[in-house]
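S.K.: This structure is in structure tokens; I'll ask about it shortly.
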Amino acid sequence: MTLSEFDSFRPSEPVRRRRREGKRGPGRRPANGDGSREMPMVPEQEFSSYYGRPVVKAAPWGNDVAAYLFLGGVAAGSALLGLGGQLSGRPTLRRNARLSALAAVSAGTVALVKDLGRPERFLHMLRTFKVTSPMSVGSWILSAFSAGAGVSAVAEIDRMSGSRLPLGPLRNVLRAVEGPAGFEAAVFAGPLAAYTAVLLGDTATPTWNAAHEELPFVFVSSAALASAGLAMVTTPVRETGPARKLAVLGVLGEVAAMKVMEQRMDPVAAEPLHQGKAGAMLKWSERLAVAGGLGTLLGGRHRGAAAVSGLALLTASALTRFGVFEAGLASARDPRYTIEPQKTRLAARRAAGITDDAITTGG
Amino acid sequence: MGQLSGPTDPTADAHWEHSHPRKGFFTDTSICIGCKACEVACKEWNHNPQDGNLELLGSSYDNTGALGASTWRHVAFIEQGQERIVEARESGRALVSLGMPRIGPPATASPAATDLAEAETTPPDTADFRWLMSSDVCKHCTHAGCLDVCPTGALFRTEFGTVVVQDDVCNGCGTCVAGCPFGVIERRADGSVKVATSRNDQHAKHPAVPNAGIAQKCTLCYDRLVADETPACAKACPTTSIKFGDHDDMVETARERVSSLHAQGLTEARLYGANENDGVGGTGSVFLLLDEPEVYGLPPDPRVPTADLPQMYRRAGMAVAGMAAAVAVAFLGGRA
Ligand code: SF4
Ligand code: SF4
Ligand code: SF4
């Protein structure tokens, strides 16, 4: 070591732990690039991983996809409310729900296409149909839904504009098919709300995969309360009775499904749902959902209170989707969430006497 | 469609009507010297662009980091001390004593049949320090998550039983990236790589990045296989650490090799991917490792997510029914 007049300003060198002292291989440690002490070539850490690098890759999806999860749910629930309004003679609810469905599904589709690596090839989604691919199944569901939602919403727009859309003889056709179209959209609404849960569950992303049993219930509940919330914002209370009931059912369903999901998941894989940004979003989502539900129950017959509750519900649903989405991405970025649950389940199978299905074998 | 999990012949599942044998790798990490010839050969043959920033990663001699869209072979370097070596030897011994059922005929005159207790246990190398080097690659899984979840059909099963992306079909949806239990496939960025300043001029002359926005991974050199050639990485490997051939032969070679290492007392040796009962139905690329898989950045118990897909669809169906019921109740259950 050289001696210089500045040496007195150096922090004292910590004792360097010898590498053989039982540390389990390489890992992370805060970088120390200021040269104040010797940097070990290979830092140390507690559990085995390859330099703390992720094992699985996070989906290259941005917030567009999380937004789509939310918008798809709103569209699906709105189409169901639209059909309800259509069948139960609530014209304003029917009109608003149909328009909401089209607006939400269009915005959602734009978000999805925007997130593709090659947006100009979005139609390749429909060049085949694969049951093993929830994304393929979902693309077909989305297309079928959009057809019905589009036709029924255009019929409403035409009516609102006093039959001024330049439809010519097609107007009669449109009037004839708008009812069936609303029905068709409603048929695909449930699948539209639920398939995104399968899309996330059918990945190697630890938190999403571990949640695959209950996530569909969380997502349909979230869709129900969001669309009901939107109807409560857009439609006078006179016609939103069913929407208010749906909102309350959705809140109950979501809170319950979320609790069951967290109980049944591997505890390590569930951690990202409680940590960081995702944890905060999910906590607020639950609070807002409960508040929105209570507001609906207590003040749902007052226009102002209904609208505020509806907004709370919409926000709650958006937070649920973004929270689950973020938690999954976070779980993919940290090798711990891949390695530990896998080791646990492997050890559990071995303890149960199943020794023939491990990927690592002695011979 | 074939089955979603369990032992199977992936080529027949994909309806290929011929009898090409399934091709695969056996990567024997016990003889890898970490020269990275495989990485370089792969890059060159496949015209893969630069990955990352030419940074030193501070992880032994590994400055590549991980497999990715432009890195289809990745050599891992791990430095270990004595205690970890002893642990690895123990965990390997535990695997042997689990008595994994062998698949197929037992290796003839397997040296593993000899009693390990009496084997020469002095390790041939230094006992208190070792360097693990392992050339990782796409596993070409029997049940490939990436292929199962691809919505466009861009990923397909070749006649050699391998998994390949058609870059003119892929629309970059990224589902496969999340679907791979090994973190192999990746969507290629647009090539706006930040390069160290001193390299700027040089970089300016580089050709534009091909296939940006498209999922990319090892093709097991499909273009070379079609011409009856060995993949570039296996051809370049100077130590035969990367062996290429019919998948069955590779598994057999791997079993023989692990037996002979065990006979030398190197019980830390173990196979990865040679078991067709595992979560992905066995891999096309088989590895011989000298420590637990997670030490090399490999998942310890990967499972193709699609294996649970029927159950997921069932649960989603129940959820849909629940949603419909809730709406029905809301409209029919009297005025709120
Ligand atoms: S390792 Fe990943 S990318 Fe390779 S075939 Fe298997 S699932 Fe696909
Ligand atoms: S088989 Fe070909 S594409 Fe795959 S890693 Fe080797 S050289 Fe690269
Ligand atoms: S070429 Fe062979 S010896 Fe060299 S790093 Fe690759 S696998 Fe190891």
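The values are calculated or read from the model by the stated rules, or taken from the named source; none is laboratory data. Values in this document were obtained by computation on a predicted structure and should not be read as measured data. When we count neighbours, we look across all protein chains shown, and the Cβ atoms used for this are built from the backbone with ideal geometry, even at glycine.
S.K.: Go through (1) at pLDDT below 95; (2) more than 15 Å from ligand 1 (Cβ to nearest atom); (3) under 18 Å from A:R349 (Cβ atoms) one by one and return the number of the condition B:G265 breaks.
M.R.: Failed condition: (3).
S.K.: Name the residue that is farthest from ligand 2 (Cβ to nearest atom), counting only residues in the stretch B:15-41 that are among the small types (G, A, S) and buried (at least 16 other Cβ atoms within 10 Å of the Cβ).
M.R.: B:S30
S.K.: Considering only the stretch B:218-236, state which residues are within 14 Å of ligand 3 (Cβ to nearest atom) and either in a loop (DSSP other than H, G, I, E, B) or within 14 Å of chain A (Cβ to nearest Cβ) (or both).
M.R.: B:C218, B:T230, B:P231
Per-residue answers, yes or no, for (1) of a type in the set (A, V, I, L, M); (2) within 22 Å of the chain's Cα centre (by Cα); (3) within 12 Å of chain B (Cβ to nearest Cβ):
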| residue | (1), (2), (3) |
| --- | --- |
| A:S49 | no, no, yes |
| A:V65 | yes, yes, yes |
| A:G82 | no, no, yes |
| A:S88 | no, no, yes |
| A:N96 | no, no, no |
| A:A101 | yes, yes, no |
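S.K.: Sticking with this structure for a sec: Does the stretch A:306-323 contain any residue that is more than 30 Å from B:G333 (Cβ to Cβ) and within 16 Å of the chain's Cα centre (by Cα)?
M.R.: yes
S.K.: Take the stretch B:299-328 and flag every residue that is of a type in the set (A, V, I, L, M, F, W, C) and facing chain A (nearest Cβ under 7 Å).
M.R.: Matches in the stretch B:299-328: B:L309, B:M312, B:A316, B:A319, B:V320, B:M323, B:A324, B:A326, B:V327.
S.K.: Condition first: within 16 Å of ligand 1 (Cβ to nearest atom), among the β-branched types (V, I, T) and in a loop (DSSP other than H, G, I, E, B). Now tell me which residues in the stretch B:1-52 satisfy that.
M.R.: B:T8
S.K.: Looking for whichever is closer than 19 Å to A:G77 by Cα, surrounded by fewer than 19 Cβ atoms within 10 Å (Cβ to Cβ) and within 14 Å of chain B (Cβ to nearest Cβ) here; the options are A:L298, A:L252. Which one fits?
M.R.: A:L252
S.K.: Of the residues that sit in the stretch B:135-146 and are within 16 Å of ligand 2 (Cβ to nearest atom) and either within 15 Å of B:I214 (Cα to Cα) or touching a helix residue (DSSP H, G or I) at 6+ places or on another chain (Cβ under 6 Å) (or both), which one is farthest from the other protein chains (Cβ to nearest Cβ)?
M.R.: Kept after step one, since they are within 16 Å of ligand 2 (Cβ to nearest atom), are these residues of the stretch B:135-146: B:135-141, B:144, B:146.
With the extra rule that they be either within 15 Å of B:I214 (Cα to Cα) or touching a helix residue (DSSP H, G or I) at 6+ places or on another chain (Cβ under 6 Å) (or both), the set shrinks to B:135, B:146.
Details: B:S135: 14, B:C146: 9 Å.
Once the filter is applied, the top-ranked residue is B:S135.
S.K.: Please go through the stretch B:263-281 and pick out each residue that is at positive phi and in contact with a His (Cβ under 9 Å, 6 or more places away or on another chain).
M.R.: B:G281
S.K.: In the stretch A:269-291, how many are within 19 Å of A:A58 (Cβ to Cβ) and either touching a helix residue (DSSP H, G or I) at 6+ places or on another chain (Cβ under 6 Å) or part of a helix (DSSP H, G or I) (or both)?
M.R.: The number of residues fulfilling the criteria is 11.
S.K.: Could you check, for the stretch B:285-292, whether at least one of its residues is of a type outside the set (G, A, S), at the interface with chain A (Cβ under 7 Å from one of its Cβ atoms) and in contact with a helix residue (DSSP H, G or I) (Cβ under 8 Å, 6 or more places away or on another chain)?
M.R.: yes
S.K.: For residues in the stretch A:71-83 being more than 15 Å from A:G148 (Cβ to Cβ) and touching a residue at least 60 places away in the same chain (Cβ under 8 Å), which is surrounded by the fewest Cβ atoms within 10 Å (Cβ to Cβ)? Before you say what the answer is, go through the steps one by one.
M.R.: Kept after step one, since they are more than 15 Å from A:G148 (Cβ to Cβ), are these residues of the stretch A:71-83: A:71, A:73-74.
With the extra rule that they be touching a residue at least 60 places away in the same chain (Cβ under 8 Å), the set shrinks to A:73-74.
Details: A:G73: 31, A:V74: 27.
Restricting to residues being more than 15 Å from A:G148 (Cβ to Cβ) and touching a residue at least 60 places away in the same chain (Cβ under 8 Å), the top hit is A:V74.
S.K.: Right, next: Report whether or not B:V86 is among the aliphatic types (A, V, I, L, M) and more than 16 Å from ligand 2 (Cβ to nearest atom).
M.R.: Taking the combined requirement at face value, the residue satisfies it.
S.K.: Here's something else I'd like to know. Filter the stretch B:153-191 down to residues that are within 7 Å of another protein chain (Cβ to nearest Cβ) and closer than 16 Å to A:P119 by Cα, then give me how many there are.
M.R.: Within the stretch B:153-191, the first condition is being within 7 Å of another protein chain (Cβ to nearest Cβ), and the residues that meet it are B:153, B:169, B:171-175, B:177-181, B:183, B:186-187.
From what's left, closer than 16 Å to A:P119 by Cα: B:169, B:171-175, B:187.
Of the residues in that region, 7 qualify.
S.K.: Determine whether B:R22 is away from chain A (no Cβ under 14 Å), basic (K, R), under 23 Å from B:C237 (Cβ atoms) and within 10 Å of ligand 3 (Cβ to nearest atom).
M.R.: When the stated conditions are applied, B:R22 does not pass them.
S.K.: Another question, then. Hey, B:A215 hits all of (1) more than 11 Å from every other protein chain (Cβ to nearest Cβ); (2) within 16 Å of ligand 2 (Cβ to nearest atom) but one; which does it fall short on?
M.R.: Only one criterion is unmet by B:A215, namely (1).
S.K.: Of the conditions (1) surrounded by fewer than 15 Cβ atoms within 10 Å (Cβ to Cβ); (2) of a type in the set (A, V, I, L, M, F, W, C); (3) within 20 Å of A:P91 (Cα to Cα), A:A153 satisfies every one except a single condition; which number is it?
M.R.: (1)
Residue-wise test of (1) in a loop (DSSP other than H, G, I, E, B); (2) acidic (D, E); (3) in the same structural domain as B:R22 (by TED's automatic domain parsing).
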{"position": "B:H143", "(1), (2), (3)": "yes, no, yes"}
{"position": "B:C146", "(1), (2), (3)": "no, no, yes"}
{"position": "B:P151", "(1), (2), (3)": "yes, no, yes"}
{"position": "B:F160", "(1), (2), (3)": "yes, no, yes"}
{"position": "B:D168", "(1), (2), (3)": "yes, yes, yes"}
{"position": "B:G172", "(1), (2), (3)": "yes, no, yes"}
{"position": "B:C176", "(1), (2), (3)": "no, no, yes"}
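S.K.: Being within 8 Å of chain A (Cβ to nearest Cβ), of a type outside the set (D, E), in a helix (DSSP H, G or I) and surrounded by fewer than 21 Cβ atoms within 10 Å (Cβ to Cβ) narrows it down to one of B:V86, B:V96, so name that one. Quick ask: steps written out before the conclusion?
M.R.: Numbers: B:V86 fails: within 8 Å of chain A (Cβ to nearest Cβ).
One residue alone meets the criteria, B:V96.
S.K.: When you check A:A204 against the structure, is it within 8 Å of chain B (Cβ to nearest Cβ) and among the hydrophobic types (A, V, I, L, M, F, W, C), yes or no?
M.R.: Yes: the conditions hold for A:A204.
S.K.: Based on what the data block shows, is A:I157 within 14 Å of another protein chain (Cβ to nearest Cβ) and closer than 22 Å to A:S78 by Cα? I'd like the intermediate steps shown before the answer.
M.R.: Values: within 14 Å of another protein chain (Cβ to nearest Cβ): no; closer than 22 Å to A:S78 by Cα: yes.
The answer is no for A:I157.
S.K.: Still on this model: When you go through A:L199, A:L192 one by one, which is the residue that is out of contact with any Asp or Glu (no Cβ under 8 Å at 6 or more places or on another chain), under 20 Å from A:T132 (Cβ atoms), at the interface with chain B (Cβ under 9 Å from one of its Cβ atoms) and not hydroxyl-bearing (S, T, Y)?
M.R.: The unique qualifying residue is A:L199.
S.K.: Any idea which of (1) touching a residue at least 60 places away in the same chain (Cβ under 8 Å); (2) within 14 Å of chain B (Cβ to nearest Cβ) is the one A:E271 doesn't satisfy?
M.R.: Result: A:E271 fails condition (2) only.
S.K.: Also: Is there a residue in the stretch B:264-272 that is more than 16 Å from ligand 3 (Cβ to nearest atom), of a type in the set (G, A, S) and under 16 Å from the mean Cα position of the chain (by Cα)?
M.R.: no
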